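The values are calculated or read from the model by the stated rules, or taken from the named source; none is laboratory data. Being a predicted model, the structure only gives us computed values, none of them experimental. Glycine also receives a Cβ, built like all others from the backbone with ideal geometry; neighbour counts cover every protein chain displayed.
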Amino acid sequence: MLSIKDLRAEIEGKKILNGLSLEVKAGEVHAIMGPNGAGKSTLSSVLAGRAEYEVTGGSVTYEGKNLLEMSPEDRAREGLFLAFQYPIEIPGVSTTNFLKTAVNEKRKYLGLDPMEATDFLKMMREKMDYVEMDKSLISRSLNEGFSGGEKKRNEVFQMAMLEPKLCIMDETDSGLDIDALRLVSNGVNKLRNKDNAFLVITHYQRLLDYIVPDFVHVLYKGRIVKSGDKELAKELEVKGYDWIKQEVEANS
Amino acid sequence: MLIENIKTAFTQYKDQAEVSGFSTLREQAYHEFEKLGLPTTKNEEWKYTNLKALANKDFESTCVSSGNVKVFLQNALLNKITANKLVFVNGTFNTELSEIIEKDNSIFITNLAQARSLHAEIFNQHFGKYANIENNALNSLNTALLSDGAFIYVPTNKTVEFPIFIVNIADSSDVNVLNQPRNLIIVEKSAAVHLIEMYYSLGSNSVFTNVVNEIYANENSHVEHYKIQQQEGESYHNNFTQIFQEANTNVNHVTLTLDGTLVRNNLHFYLNGQNCNSLLYGLYMPHGNCLVDNHTRVDHAQPNCNSNELYKGIMMDKSVAVFNGKIMVHLDAQKTNAYQRNQNILLSDEATVNTKPQLEIFADDVKCTHGATIGQLDEEPMFYLRSRGIPEDVARKMLLNAFADDIAEKIKIPELVTLLEEEIEKKL
């Protein structure tokens, strides 16, 4: 589904990704871990199409297409979804109207008619249950006045509504208490199936107790320096990142 | 040249002055205008708003209208909602297009010319008492040359059930036209009224509309007042509105400037009693080389009053906006709350905004704040929407509608909100 080869990217002349390669297949959950400044958020930003990041080398192929040539909206409509680390508030744009527009723009892109209002509302109600979202939240402006946990739940709710193929979760666990973490993870687990894939970016192992990954990769200095299964995450939790850093320095 | 046209027009009016019974006031106003002349950019109040192009044109104070106004108005807002309608074409009251549905005949909804004779006592008590002509050239011009306008009188304890449209259409099908609409609105104790003042233009020549509104709100009354400028083409528009509030009154005002070559809105509030609430909201979205200038002034003359002001601008192309918000807190006006904000979004590198808050506070126990912002559409919300599959142009419209929403939500007529959304859609 996703093939990243030797990806290099920088922002304002500062090199962040230095030859990152990764293969993700349908049905898989990959966790990307790493110390602060390793390039975790840069990876998610480059994949989602943030203009500030300049790709200086390598390739990203998504479903056989060159992802890097696509606009952010086309990436989304082709099934890529980024759950933001810091979902922003947009006063004056209602959550319902926003989602209706997003869902119907995707349908338009796929050559489908807009959803009937009643079907749309029914779908909203169903998907809200995934993350136990309070009904009152969707009549408000997008994320306006939401707590940190509500914002993250709203990200997963949007994910459920848009039914993406590839979900990138950018430090979704940051700032969440244990209850919110459980709700968000439950939502994600309900959405997992053989046709979609998840890229779970996190600093801590805690999230991976709930969203159990098939693969764990360690990102350091803009490259994946170690890969393993969920046991690697547990090892990192116990030993921290220093031993990885030392290993890398010793090899270089 | 405009000055000569005005002189000619005044000479003509003077001949009819015996009939209209206005001679002294007109004469006085004309001399004031002659003395002052049209404001130039040397005048601090007109620093960014240059009337030179206007001054060099020829205008006629004509009543002639050859355009098909009826057809023109067919799809206009006033024909979409149940309302009282006072329609003026080139300054002349049009009885065919006007319609009064208010059944209570103690409420007067009519034209000034008629009110001057029928309701002389009320008229004389209020006319010219609120809008100053001294040192104000354009108010003087209006007073010297005024032909007609709306007269609305709501007696004590009465509420006008449906909104009242005051519609001015400038028809420049034949010549450049100069209109001087003049409206007088008196809302007595514990009365309520909803006014919608609209300006349209028709025809391909130039238009100069110079309006004076006097609105008197007696104790405990409620006034909802919207002013919508939709004159298109080569149109110059100056509007002076003086709202005079007695104690315990609520006045909500919204100014929407949707079109016009040069639009200057002068909105003045005078809070003459305690416990008044005054809300001033404005939205402007000039395009091309258009200029919109909002000058507001709130005089807090008495204690315990609140005023809240929010003006928002969406700037396109090479347009220019001016915002000057003056708040005067008089010596006696303790416990005043006065808030003011002006926010602008530049959609073009070539648009300009000049914004200036002006607070003059003579009382010592008050809360006054002001703030102004000028910026581009934020990139973060834009990226967020796009990352959900919403194309850039759709996302921009959503965000601009959201920006305008702070003003739109103050408008209590859904059809007008729809009109506003359509205008935003059209402009982008």
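Quick notes on this structure:
- Helices (runs of 4 or more DSSP H) enclosed by region B:1-84 - at least 1 residues per element that are over 24 Å from B:Val292 (Cα atoms) and among the hydroxyl-bearing types (Ser, Thr, Tyr): B:2-20, B:23-36
- Residues in region A:69-89 that are among the hydroxyl-bearing types (Ser, Thr, Tyr) and modelled with pLDDT of 95 or more: 1 in all.
- Residue list for region A:110-119, restricted to those being within 25 Å of the chain's Cα centre (by Cα) and either at positive phi or modelled with pLDDT of 95 or more (or both): none
- Single residue of region B:137-192 satisfying the filter (of a type in the set (Val, Ile, Thr) and touching a Leu at 6+ places or on another chain (Cβ under 8 Å)) that is nearest to B:Thr62 (Cα to Cα): B:Ile169
- Selected residue (only one of A:Met133, A:Met159, A:Met124 is within 15 Å of A:Ser185 (Cβ to Cβ), away from every other protein chain (no Cβ under 14 Å) and surrounded by 17 or more Cβ atoms within 10 Å (Cβ to Cβ)): A:Met133
- Matching entry among A:Glu12, A:Glu54 (being modelled with pLDDT under 95 and closer than 23 Å to A:Val218 by Cα): A:Glu54
- Set B:Glu134, B:Glu102: member being assigned to a loop (DSSP other than H, G, I, E, B), at pLDDT below 95 and on the phi < 0 side of the Ramachandran plot: B:Glu134
- The residues in region A:99-121 that are among the basic types (Lys, Arg), crowded, with 18+ Cβ neighbours inside 10 Å and more than 26 Å from A:Lys25 (Cα to Cα) can be counted, and the count is 1.
- Here A:Leu47 qualifies as within 14 Å of chain B (Cβ to nearest Cβ) and either modelled with pLDDT under 95 or crowded, with 17+ Cβ neighbours inside 10 Å (or both).
- Qualifying residue in region B:220-232 (condition: in a strand (DSSP E or B), over 16 Å from B:Ile164 (Cα atoms) and either in contact (Cβ under 8 Å) with a residue 40 or more places away in the chain or among the acidic types (Asp, Glu) (or both)): no
- The set of residues in region B:299-343 being farther than 30 Å from B:Glu425 by Cβ and of a type in the set (Phe, Trp, Tyr) consists of B:Tyr339 alone.
- Whichever residue in region A:82-98 is in contact (Cβ under 8 Å) with a residue 60 or more places away in the chain and within 8 Å of another protein chain (Cβ to nearest Cβ) and, among such residues, is surrounded by the fewest Cβ atoms within 10 Å (Cβ to Cβ): A:Pro87
- Of all positions in region A:181-190, none carries a residue that is assigned to a loop (DSSP other than H, G, I, E, B) and either within 27 Å of A:Gly37 (Cα to Cα) or of a type in the set (D, E, K, R) (or both).
- When each of A:Asp229, A:Asp209 is tested for being without any contact (Cβ under 8 Å) to a residue 24 or more places away in the chain, surrounded by fewer than 22 Cβ atoms within 10 Å (Cβ to Cβ) and within 19 Å of A:Ile178 (Cβ to Cβ), the lone residue that passes is A:Asp209.
- Considering region A:156-180, the residues that are of a type in the set (A, V, I, L, M) and at pLDDT 90 or above include one that is farthest from A:His217 (Cα to Cα), namely A:Met161.
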